[in-house]
Amino acid sequence: MIQITATLIERRSLGAGQELRLRAPALARSLTAGQAVLVQTGCGLAPYLRRVFYPIALDDESWTLRVPADGDWGHAWLRTVAIGATLDCLGSVGNGFSVPAGSRNVLCLGEDAPASVAGPGISAWALLPAIVQAASEGRAVAFALEAALARDLIPSQRLPAAVEYHTAIRPPRIPDRPASPGVGVAQFLPELLPWADVVLAAGSLAFYSELATAVRAVRYELGRGFAQILYPAAFLCGVGACQACVADLATGRHRICQRGPVLDLVDVVGEA
Amino acid sequence: MIQITATLIERRSLGAGQELRLRAPALARSLTAGQAVLVQTGCGLAPYLRRVFYPIALDDESWTLRVPADGDWGHAWLRTVAIGATLDCLGSVGNGFSVPAGSRNVLCLGEDAPASVAGPGISAWALLPAIVQAASEGRAVAFALEAALARDLIPSQRLPAAVEYHTAIRPPRIPDRPASPGVGVAQFLPELLPWADVVLAAGSLAFYSELATAVRAVRYELGRGFAQILYPAAFLCGVGACQACVADLATGRHRICQRGPVLDLVDVVGEA
Amino acid sequence: MIELAPHNKHSLALAAPVMAGSGAVGYADAWPPGISATMFGALVTPPVSWRPRRGHSPGRLAETPAGFILTTGDHNPGFRRVMDDHALEWRRLAVPILMALAGSTVEDWDRIAGRLEEEPGVAGLELHVTAGARPVDVANWVGVVRRATTLPLLVKLPSSQAATLAPAAVGAGADALVIGSGPLAAAVRQDGARLTGPLAGPAAFPFTLVGVAAVAELGLSVPIVAGGGICRLEDAQACFRAGAMAIQLRSLLWVDPAAAVRLVEALRG
Amino acid sequence: MIELAPHNKHSLALAAPVMAGSGAVGYADAWPPGISATMFGALVTPPVSWRPRRGHSPGRLAETPAGFILTTGDHNPGFRRVMDDHALEWRRLAVPILMALAGSTVEDWDRIAGRLEEEPGVAGLELHVTAGARPVDVANWVGVVRRATTLPLLVKLPSSQAATLAPAAVGAGADALVIGSGPLAAAVRQDGARLTGPLAGPAAFPFTLVGVAAVAELGLSVPIVAGGGICRLEDAQACFRAGAMAIQLRSLLWVDPAAAVRLVEALRG
Ligand SMILES: Cc1cc2nc3c(=O)[nH]c(=O)nc-3n(C[C@H](O)[C@H](O)[C@H](O)COP(=O)(O)OP(=O)(O)OC[C@H]3O[C@@H](n4cnc5c(N)ncnc54)[C@H](O)[C@@H]3O)c2cc1C
Ligand SMILES: Cc1cc2nc3c(=O)[nH]c(=O)nc-3n(C[C@H](O)[C@H](O)[C@H](O)COP(=O)(O)OP(=O)(O)OC[C@H]3O[C@@H](n4cnc5c(N)ncnc54)[C@H](O)[C@@H]3O)c2cc1C
Ligand SMILES: Cc1cc2nc3c(=O)[nH]c(=O)nc-3n(C[C@H](O)[C@H](O)[C@H](O)COP(=O)(O)O)c2cc1C
Ligand SMILES: Cc1cc2nc3c(=O)[nH]c(=O)nc-3n(C[C@H](O)[C@H](O)[C@H](O)COP(=O)(O)O)c2cc1C
Ligand code: FES
Ligand code: FES
């Protein structure tokens, strides 16, 4: 992990949200999709806790983060900062997605999971750099995305042309209530799962649990190495000291900044 | 007092400090030199206390504030805000300078008094709108200014051409230590005080006390109506509720947001 | 209507769940822009003592992270002058006025309470219990006032000691509890001196919330009013969920009156 | 050199006035970027208990204005595993290591203290006194540990109760006092649940400062270490002016390690 000062070089509005492109070569070169960056979002000491961002675009010189249109003060601050200002970044945290060399068919699955439901928010936008990279490496990529509102879907022009894109609107999940089958991305899975060599997913824990159920139904077993998921965790230190990020995984209580944030789906739902 | 949203329309750098011009017609039209404006300087609730500014320029549509190059977080925030952003302002607080109709010779006296010495900082820049107005009304204006560092003097090109400008560098005041006579603006007073019909002053309490001594020495008495001073106070509510701004004046304990911030020098040092 | 004195023959019924906390609008004579009596279920005066008090010397304010310390030292012109200057206006206002009794002068409490018994402009009392008070102190102080007046008595407790002191206050006759004053804190003033006093502003809210939840869990039979650092709709909602029946706003009225108006409207809507 | 155990036959001499507070760098195995042992006068481990503790369930973090609440619940792998995994490395480090003993398991304190008497990797102990403890509890707990070990004993007190508890800690044999853990607060987590725990971050500093000043005014004969929300050079200086001999940094190392490095260098320069 390094701490660096990034320069805000571009702001793009997206509805009420924004995308900020930050010049930070040393960080950008070491970042992969699914790794977290902890960004200071204020002057002085408030807000004190850094905001967690997963890159939505990456190149050699810069990375891009997406500021949601929510009421968070740190996000509000990011939306007012002038171009040319510097932002303090700590990253990368943990390990990201990594597509095994031999995987030809990459299935990406996303849910727009706001913070209130899924614990810390995880956005399907975090899959974008992995999608772009897989497509550029000549792999076949399918991307299925669900959201409660059409405006929260990723516009198709943001994806490489070769990506097969499926979208679904579904009512917000109700915690601890089982999902109706065939709603959301689940409707595409009977067709897509047999085709896929590897799955990369970003969403809530409920979304992952439905995914595991679908894999077991369609492929008869869920083996290690088939599906990678981005675990929704709150990070404070990112280095294993503070123990804020612990989660109860199938194998016990672990620090997600050390084990994740990208985990094998089996680590989350167990082997059974 | 009104609460309004002002738009940042211009930023000018001045050394490490900045001048911000804010469009806010309803406020600008009601403001006079020496009245305070309480500005929110952050997103959300931190910093919670508004920063206090005295206008350094005024027109019908806008007012200008000066952000010092200090370590204050609220000031740091103001230095990063993008043009076009909105700032929440509460103002005006109290009463400002007012030059009596018959005064032909206006003497303005200023000290660069940073927050650490004078309690809340008072800057001689707060005199500028009064200087500009008096000059534009055809009065004769002399302005004597002292600062510890040459870079903290107001550049002469910021003053109307007709203003007679005297500057002095003096070592920082040491609290509770009497000043050496003839240091700082004191050296100009034997000549300027007899000439003046009215004095407008902005500086520390020690500065005002030296002024009173000089007036009594040069003019033999200090009467009510001769000298107006800007009292350095910390404001919270600005409406008389919180009692944060109380000061012990010659006549007792008063709320400066109600009695000041511009007071007669006699209110501060007494009649004797 | 929210009844804050359900066990008292005098009702203290609030038309809105938001009160202006002690001194927030002075003696109903210091109104931030856009703030008016009609927004509130009740107004609380600054703390009053029998004799005038000059209060803490100037230099009363220091900033803390997301908050501040303000020590007025119960600065007030004394009971008689307060009544002479303001009681007539209070009778005219359509909103109940609660007189706050200064925590620094508990010896005055019963005398003032007795004089207010027949005063139509004052609907009740808010007693300010100081930090460090023990349950036995609270029982004594509240008991003395209870014997001096039949008016509704709110007792304001330090939030960090609220659960320890609440049973004593209720046992001695409190009609409702206000949680509460912020914990003692210190900060360095702009002039370099250290100022010590109760924490206020948003930084105080986590203590209000812990105090409200702790007192609610005791299951005492009196209404709870939450105050101290409430600035956002979420703060108010967290207090109501934790067991409060009403809230008090104070510094938000000074620092961002428009936000206070939005908060009151959101709670109404 | 800053001597934190002036009355103990074992010296606890710090080469720098800044310590890494309990768990700030894990068991000296979790280093934020740019942070190394050479910056510090001493390192304090996370709180250790005799048996492993799984700690508080996930969802341990909630934000507050200018601060946060983090409840680890003394999550730790137990004394033996800690020693097996880390004691060798501690012997290699050139900086004194203090083992923190978990406030939730005071019954373990003397047993752990006894085992450490001969352990070259551990220079002393930091006892974590929980909020709500009474002077008599502190006297008992510290006394038991004092009889079990001759090692330097730091006793960490809740900042808001520090002046009340300090004499008991010193009377029972504390070599130095750490002021202290933040007052109990509550905040709403991102998922809507309420989390209660000690306040941390800059919002905790006003309580550290009031606690340090209050204990210093007692004039006890032991060094005072200030910790809790120290983030700026001014904070550190205010603690030293109020009577502290050293400071502890913790969350600043996590949230802004570069600022921590600057702070340490400014204090050195
Ligand atoms: C509580 C109090 C105690 C005093 N004690 C002394 C004293 O011991 N010796 C002495 O020489 N002078 C005392 N004074 C007088 C004081 O110094 C002023 O002369 C007086 O407040 C008149 O203020 P003002 O109306 O000019 O100004 P403002 O500050 O504008 O006051 C306007 C009005 O509000 C009232 N007021 C101001 N502050 C408060 C407050 N905190 N609480 C309630 N009402 C307030 C004033 O009495 C006045 O009626 C006292 C004043 C007050 C308010
Ligand atoms: C204190 C503790 C109590 C446990 N109790 C149980 C139990 O009762 N039942 C059960 O099934 N499993 C328990 N476990 C096992 C736990 O769920 C993990 O399986 C174990 O931490 C292995 O973690 P790891 O190395 O994979 O992951 P990481 O979280 O990356 O841990 C890496 C290393 O750090 C250590 N570690 C992690 N967190 C802490 C901490 N907070 N304090 C000190 N060391 C830490 C781990 O033990 C491991 O050596 C416990 C673990 C710990 C740390
Ligand atoms: C100026 C001021 C004076 C206060 N005086 C008292 C008081 O006399 N009695 C009391 O119990 N609390 C007092 N407090 C604490 C407040 O009741 C409340 O806990 C605090 O203001 C935090 O709430 P706020 O942020 O909404 O202002 C005072 C607070 C302030 C700011
Ligand atoms: C993760 C975490 C765990 C803590 N655990 C303890 C503890 O076990 N014992 C204790 O006395 N204080 C504990 N505290 C309080 C800290 O010692 C300290 O008071 C607090 O972290 C504020 O300081 P900081 O902002 O520098 O982190 C803990 C704080 C945190 C953040
Ligand atoms: S974020 Fe601190 S341990 Fe994982
Ligand atoms: S600023 Fe509140 S009374 Fe003057």
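Each reported figure results from applying straightforward, stated rules to the coordinates on display, with no laboratory input. Predicted model, so just to flag it, every value in this text is computed and none were measured. Note that each Cβ is placed from the backbone with ideal geometry, even for glycine, and that neighbours are counted across all protein chains shown.
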task: Select from chain A the helices, each a whole stretch of DSSP H, whose alpha-carbon atoms run 20 Å or more along the helix axis and whose Kyte-Doolittle mean is at least 0.0; answer none if there are none.
output: A:205-219
- prompt: How much of the DSSP beta bridge set in chain A is antiparallel, as a percent to the nearest 5?
  reply: 60
query: Can you give the average number of partner chain beta-carbon atoms within 10 Å of each beta-carbon in peptide C:174-185, as a whole number?
result: 3
statement: Inter-part gap, Cα centre of region C:200-267 to Cα centre of region D:191-269, in whole angstrom, is 28
- request: Highest first, please rank the peptides A:58-64, D:96-102 by the mean number of other Cβ atoms sitting within 10 Å of their residues.
  value: D:96-102, A:58-64
- prompt: In which sequence would D:Glu3, B:Glu137 go, from the one with the fewest C-beta neighbours within 10 Å to the one with the most?
  reply: B:Glu137, D:Glu3
field: Per-residue HN-Hα couplings for region D:67-82 [Karplus 6.51, -1.76, 1.60; θ = phi - 60°; Hz; x = Gly/Pro]
entry: x, 6, 10, 9, 10, 8, x, 6, 3, 6, x, x, 3, 5, 5, 4
Estimated dipole of the protein assembly as shown in Debye, rounded to 20 [Cβ of Lys and Arg +1, of Asp and Glu -1, Cα centre]: 320
query: Restricting the count to DSSP beta bridges whose residues both fall in chain D, what percent are antiparallel, rounded to a multiple of 5?
result: 35
Residue of C:Pro58, C:Pro77, C:Pro158 that the Gaussian network model of chain C assigns the largest fluctuation, springs spanning Cα pairs under 10 Å: C:Pro58
statement: Expressed as a whole number, the average count of other chain Cβ atoms within 10 Å around the Cβ atoms of D:236-246 is 1
- line: Residues meeting the amide H criterion for C:Glu3 (H placed from the backbone, H to H distance under 5 Å, 5 or more places apart or on another chain) are C:Leu14
- prompt: Taking +1 at the Cβ of each Lys and Arg and -1 at the Cβ of each Asp and Glu, which of C:Ala102, C:Leu127, C:Leu177 sits farthest along the dipole of region C:46-182 towards its positive end, judged by Cα position relative to the Cα centre?
  reply: C:Ala102
- line: Excluding residues fewer than 8 positions from C:Lys9 in its own chain, the aspartates and glutamates with Cα under 17 Å of it are C:Glu117, C:Glu118, C:Glu119, C:Asp175
task: Per residue of D:24-32, count partner chain C-beta atoms within 10 Å of its C-beta, then hand back the mean as an integer.
output: 5
task: Let me know the shape class of chain C, please: from the alpha-carbon gyration tensor, a ≥ b ≥ c as square roots of the eigenvalues, rounded when a/c is under 1.5, otherwise prolate if a/b is greater than b/c, or oblate.
output: rounded
message: Tell me whether region C:1-141 comes out rounded, prolate or oblate; compute the Cα gyration tensor, take square roots of the eigenvalues as a ≥ b ≥ c, and use a/c under 1.5 as the rounded threshold.
response: rounded
query: When the helix-only estimate is applied to chain C (DSSP H runs of n ≥ 4, each -39,500 (n - 2.57), divided by the residue count), what is the mean residue ellipticity at 222 nm, nearest 500 deg cm²/dmol?
result: -10000 deg cm²/dmol
message: Only Cα pairs within less than 10 Å get springs; with that Gaussian network setup on chain C, which residue of C:Gly192, C:Gly73, C:Gly143 has the largest fluctuation?
response: C:Gly192
statement: Calc'd 3J(HN,Hα), region A:187-198, phi into Karplus 6.51 cos²θ - 1.76 cosθ + 1.60 (θ = phi - 60°), Hz, glycine/Pro = x, comes to 5, 8, 5, x, 7, 7, 4, x, 6, 6, 8, 8
message: Relative contact order for chain C: what percent, with Cα pairs under 8 Å and sequence separation of 6 or more?
response: 20
- line: Exposure-ranked with fewest Cβ neighbours within 10 Å first, D:Val225, B:Val81, B:Val185 stand as B:Val81, B:Val185, D:Val225
- prompt: Put +1 on the Cβ of every Lys and Arg and -1 on every Asp and Glu Cβ in chain B; which of B:Thr251, B:Thr80, B:Leu90 then has its Cα farthest towards the positive end of the dipole?
  reply: B:Thr80
statement: Checked region B:105-269 against the a/c 1.5 cut and the a/b vs b/c comparison, axes a ≥ b ≥ c from its Cα gyration tensor; verdict rounded
- request: Please tell me the relative contact order of region C:213-269 in percent, rounded to the nearest whole number, where contacts are Cα pairs under 8 Å and at least six residues apart.
  value: 36
query: Along the charge dipole of the protein assembly as shown, which of A:Trp63, C:Gly21, B:Phe207 sits closest to the positive end, that is, farthest toward it, with unit charges on the beta carbon of Lys, Arg, Asp and Glu (+1, +1, -1, -1)?
result: C:Gly21
field: Fraction of beta bridges assigned by DSSP in the protein assembly as shown that are antiparallel (%, nearest 5)
entry: 50
task: Could you pull out every residue, at least 5 positions away or on a different chain, whose amide H is within less than 5 Å of the one on C:Gly228? Hs are placed 1.01 Å off N in the peptide plane, and Pro or chain starts have none.
output: C:Gln248
query: Could you give the alpha-carbon Rg of region D:199-269 over 2.2 N^0.38 Å, rounded to two decimals?
result: 1.07
- prompt: Roughly how many debye, to the nearest 20, is the charge dipole of region A:105-269 about its Cα centre, given +1 on each Lys and Arg Cβ, -1 on each Asp and Glu Cβ, and no other charges?
  reply: 240
message: Distance between the C-alpha centers of region A:41-71 and region D:1-69? Whole Å please.
response: 28
